[in-house]
Amino acid sequence: MLLKKKNVDNLQADSILRKLSGLLLTLALTGTVQAETVFVTLEKDNALAIVDPLAGKLLKTVAVGQRPRGIAISPDNKLLYVATSDENTIKIINAETLKEVGKLPSGEDPETFALNPKGDILYVSNEDDSLVTVIDIAKKKIIKQIKVGVEPEGITVSPDNNWLISASETTNMVHWIDTKTNTIIENTLVDPRPRAASFTADSQQLWVTSEMAGSLMILDTKTKQIIKTLKFEVQGVTADKIQPVGVVIDKAGNKGYVALGPANRVAIVNAKTFAVEKVLLVGQRVWNLAFSPDQKRLYTTNGTSNDISIIDLESQTVTQSLGVGNYPWGVTVKP
Amino acid sequence: MNPLELLNMNFYYYQPMRSNNSTLQVLVVFYLFFQLVNVNLVYAKSKQIIDIAYLTQEQIAPPQLSNAEPFIKNKGIIGAELGIDDDNTTGEFTGQQFNLKKFIVPLDGNITDTFNKAISHHFQYVIVNLPATQLTQLADLPATKDLLLLDVATMDDALRNEQCRNNVLHLLPSRAMRADALAQYMMKKRWDKWFLVVGSTQEDRLFAEAIRRAAKRFGMKIIADKTWEHTFDARRTEQSDVAVFTQIDDAYDVVVVADEQGQFGEYLDYRTWNPRPVIGTQGLMATAWHKTHEQWGAIQIQNRFKEKAGRWMEEQDYAAYLATRALGEATTRTKSNDIKQLKAYILSDAFALQGYKGNPLSFRTWDGQLRQPILLAAPKSLVAVAPIEGFLHPKTELDTLGYDQPETQCKWDK
C-alpha cells in the first residue's frame, strides 16, 4: 500500500515536471519558431484531427468523409488532399478554413497517393485493381491508368520529378515509372510485401521498406539495384512484430526514420553508413511519419493506440504522445 | 503463335515470291523473314512458361445440420485461379507466363486414368484437391516420381509422418497443428480440464487423436473422453441428450469437440449441463483461413476473392491460392521454370511466401508441410491467431504448431 502511494506521488510529480518542461519548451520555441499545424487522418472516425504540436494540443476534429487514409498538402500549403477510401475519391480541402473545395477522380479504393514536386499531378495506388491512376489536379481528370503489380501500395515521386515509384505488395516489386511518358521503364524485385518508398533529397537513392522481411532496402536510382539491405532487430520484440512501413529521410541526407509497425518503435538510420543508431518507443502500430517544416521534429501516427508521438530529433527522444482519435493513419504538416 | 508457325508462314510466302524473279522482292522477303525469326526468337527466349494442372473430383453435398451455409462445389478452384492471375500480373514484368489447366474427374470417373493420360506427361506441377488415399496413390505412380504435387485438401498427420512422400507439399495445416493451436489458446485461458467429445467417423477419431496429443504436449488434462453415437431413438432430443451426455462428476473447463463433417457439434453450444465454452471443429475453430480475418492486408484478398467468386474464400481456396503463389514466387526469384531449381528454392531458407497472416510462410523441410499461423475463429469474430504469444521456439515460433523436426516420423529423403 505504502509502495503504491509512493508510486502515485512519483507519477504526479513526474507529470507536473513534464507539463512544466513542456510549457517551458513551448515558451522557448514560440519565440523562435513559427507555429505549425499537423493534420492527421482518423480512419475509423471518418475525420481529420488538427493538432498544434508546439502547444501539444489537439485543436479540433472535423468530419472529412468515409475512411480517410492518405493525406498530403500542396506545395503552396493552401490545399490538403485526403483519400477517402470508401467514397472512392480524393477530397480537396482548404487548409485554412478546412472546408471541402473539390474532389478528384481517384479510381477505386484510394489509400496512398503522391504529389509531384510542382503539385499539379497526383498519383494514386488502386490496390484492388493493380493500377496507378495519374490525375491532372487542375482539370480534375484522370490522364492515365498504369497497370502495375498486384496490390500496389507505396508510391512516391523523386524530388527531381524524373521518377514515379510504385511498390506492389504481392508482386514484391518496385516499378520505376517515367513521369514524362507514364510508362514503366524498369522493375526491381525486392523483399516480400514492400510497403513504403521514399527518395533522398538528391533523388540518388530510393529507400523501400519490406513489411514481411522486416527490412529496409536502399536502391541506387542510376542502376535501380539494391545496394544495401538492413534488417531491423529490437530487443525483447519478436522478429514477426517488426513490420517496417513508413520511411522518411532528412533533407541534409544525414538520417532516415523508419516506422516499425506493431513493434511500436521508430528506428533511426544513419543515411551515410546505413547503421541503425537508435530505436525509439512510440505508440502502437506506428505506420506513417512526417517531419516538421524545420525538420527538428518527427510526427508519427500510431494506429491502435489512437495517438500521435512527437519526436524531438536533436535529442532523439519522444517528447509527447497525444491522443487524437480512432485509428490515426496519415499525417502531413503545414508551416 | 509459336515460333515454328511463324517460320512456316514465312516459308510459304517466300516460295511463290521466288517465281516472280525479281531479286529486289526476294531480298525484301528474305529481310522480313529474318527480322521476324529474329524477333520471334528473342520473344520465345524471354517468355518462360509454367504449366500447372489442377486435379479434383466432383463432389456431392454431404448431409448437414444447418442450411445456413450452402454447400460449395468449387472450393479450391477459384483460389487457384486468383493465384494464377496474381502470378501472371507479376509475370508481365518478369517475362513469365503461368497457365492453369483444370481437370475435374466425374463422380464415377477414374482419377488415376485421368492423371496418367492427361496430366503426368504434360505437367510437372499438379495441384491436388483430393482425399488422402487418392493423393497417396497418385504420389506413388512411377510417372509422378519427378513431379511436384501440391496438396490443398488433406489434414492427415500420417501424410506428414510415416506416410509422407517427398514429391508432395501440403498447403493446409495438419490436424496436429490445429489441435496445438487450440491447446495453446486453452492453456493461455487456463482451461486446463477438457471434456473431449468425438464423432463416429474415421476423420473424427483422427482429430481426437491430435487433440489428445496436444493435451499431452501442453500438460492439459482430458477429464472425459466420450464418443457421440448416432441413433434414431425418438426419445433423444438435442436439448435433453446433450445435457445428459455432458453431465459428469468431474469438473471440466471446456468442451472440445471432434466432428469434422458437422453432424452434431453445433448441438453442443448452449446445451451442456454446465455452462462451458465449446471449442474444436465447432464453436471456436482452428482454421487456415476465415471470413472474419482482416489483418495484415487480408481484407484486400478477401475483397478480391469475393469479387471474383461471389462468395467467401474457403480454406481450400486459400491453400490453392498459396500453391500457385508459391510456384509463382519461386519462378520469379529463381528466374527459372525448372522443377529441380524451383523445388530446391521452395524448400530453402530464402523462400518467404506472403500469406496475409503476418509471418512469412515457408515449408518444413522434414515433411513438406507449409508452416503458417492458424486462425482461431468464432463464427463472426476472429478470437486469436496461433502461435499464441509466449509459446517459444528456438527457430521459429510457427514450429510450436504440429510435428517439429525432432518428432517427425517422415523420412523425406527416401
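No lab work stands behind these numbers, since they all come straight from the coordinates. What you see is a predicted model; the values in this text were computed from it and never measured. Ideal geometry is used to build each Cβ from the backbone, glycine not excepted, and the neighbour counts take in all protein chains shown.
Some points to look at:
- Residue check, A:ASP136 within 14 Å of chain B (Cβ to nearest Cβ), out of contact with any Phe, Trp or Tyr (no Cβ under 7 Å at 6 or more places or on another chain), surrounded by fewer than 24 Cβ atoms within 10 Å (Cβ to Cβ) and over 17 Å from A:ALA197 (Cα atoms): no
- Filtered by the rule that a residue be within 26 Å of B:ALA176 (Cβ to Cβ) and in contact with a strand residue (DSSP E or B) (Cβ under 8 Å, 6 or more places away or on another chain), the range B:251-271 gives B:TYR252, B:ASP253, B:VAL254, B:VAL255, B:VAL256, B:VAL257, B:ALA258, B:ASP259, B:GLY265, B:LEU268, B:ASP269.
- Within the range B:155-166, the residues that satisfy the criterion of being within 25 Å of B:LYS340 (Cβ to Cβ) and either under 15 Å from the mean Cα position of the chain (by Cα) or of a type in the set (A, V, I, L, M, F, W, C) (or both) are B:LEU159, B:ARG160, B:CYS164.
- Of residues in the range B:376-403 being within 14 Å of chain A (Cβ to nearest Cβ) and among the small types (Gly, Ala, Ser), the one farthest from B:THR365 (Cα to Cα): B:GLY390
- Inside the range A:188-204, residues that are part of a strand (DSSP E or B), in contact (Cβ under 8 Å) with a residue 40 or more places away in the chain and among the polar types (S, T, N, Q) make up a count of 1.
- Restricting attention to the range A:103-133, the residues that are assigned to a strand (DSSP E or B) and within 14 Å of chain B (Cβ to nearest Cβ) total 7.
- Test result for A:VAL62, surrounded by fewer than 21 Cβ atoms within 10 Å (Cβ to Cβ) and β-branched (Val, Ile, Thr): yes
- Qualifying residue in the range B:389-401 (condition: under 24 Å from B:PHE305 (Cα atoms), without any contact (Cβ under 8 Å) to a residue 40 or more places away in the chain and in a loop (DSSP other than H, G, I, E, B)): no
- Residue, farthest from B:ALA319 (Cα to Cα), within the range B:70-110, restricted to residues that are touching a helix residue (DSSP H, G or I) at 6+ places or on another chain (Cβ under 6 Å) and of a type in the set (Gly, Ala, Ser): B:GLY95
- From A:LEU219, A:LEU206, residue being of a type in the set (A, V, I, L, M), more than 14 Å from chain B (Cβ to nearest Cβ), touching an Asp or Glu at 6+ places or on another chain (Cβ under 9 Å) and farther than 20 Å from A:PRO110 by Cα: A:LEU206
- Failed criterion for B:TRP366 (all others in (1) part of a loop (DSSP other than H, G, I, E, B); (2) within 14 Å of chain A (Cβ to nearest Cβ); (3) not β-branched (Val, Ile, Thr) hold): (2)
- Which numbered condition B:ARG304 misses (of (1) free of Cβ contacts under 8 Å to residues at least 60 places away in the same chain; (2) within 14 Å of chain A (Cβ to nearest Cβ)): (1)
- For the range A:143-153, a residue qualifies if it is more than 8 Å from every other protein chain (Cβ to nearest Cβ) and either closer than 17 Å to B:GLU329 by Cα or buried (at least 24 other Cβ atoms within 10 Å of the Cβ) (or both), and the qualifying residues are A:VAL148, A:PRO152.
- Residue selected from the range A:159-187 under the condition part of a loop (DSSP other than H, G, I, E, B) and touching a helix residue (DSSP H, G or I) at 6+ places or on another chain (Cβ under 7 Å), by the criterion farthest from B:GLN97 (Cα to Cα): A:THR170
- Any hit, the range B:312-332, residues being surrounded by fewer than 17 Cβ atoms within 10 Å (Cβ to Cβ) and either within 16 Å of A:ALA213 (Cα to Cα) or within 17 Å of the chain's Cα centre (by Cα) (or both): yes
- Selected residue [within 16 Å of the chain's Cα centre (by Cα), aliphatic (A, V, I, L, M) and either over 27 Å from B:LEU65 (Cβ atoms) or surrounded by fewer than 24 Cβ atoms within 10 Å (Cβ to Cβ) (or both)] from B:LEU149, B:LEU206: B:LEU149
- Of the strands (runs of 3 or more DSSP E) lying entirely inside the range B:54-151, those containing at least 2 residues that are over 20 Å from B:HIS170 (Cα atoms) are B:96-105.
- Only one entry in B:LEU342, B:LEU322 is part of a helix (DSSP H, G or I), within 14 Å of another protein chain (Cβ to nearest Cβ) and in contact with a strand residue (DSSP E or B) (Cβ under 9 Å, 6 or more places away or on another chain), namely B:LEU322.
- In this structure, A:ILE93 does not qualify as within 14 Å of chain B (Cβ to nearest Cβ), more than 17 Å from the chain's Cα centre (by Cα) and among the aliphatic types (A, V, I, L, M).
- Among the residues making up the range A:177-203, a single one is out of contact with any Phe, Trp or Tyr (no Cβ under 6 Å at 6 or more places or on another chain), within 11 Å of chain B (Cβ to nearest Cβ) and within 20 Å of A:GLN145 (Cα to Cα): A:ILE184.
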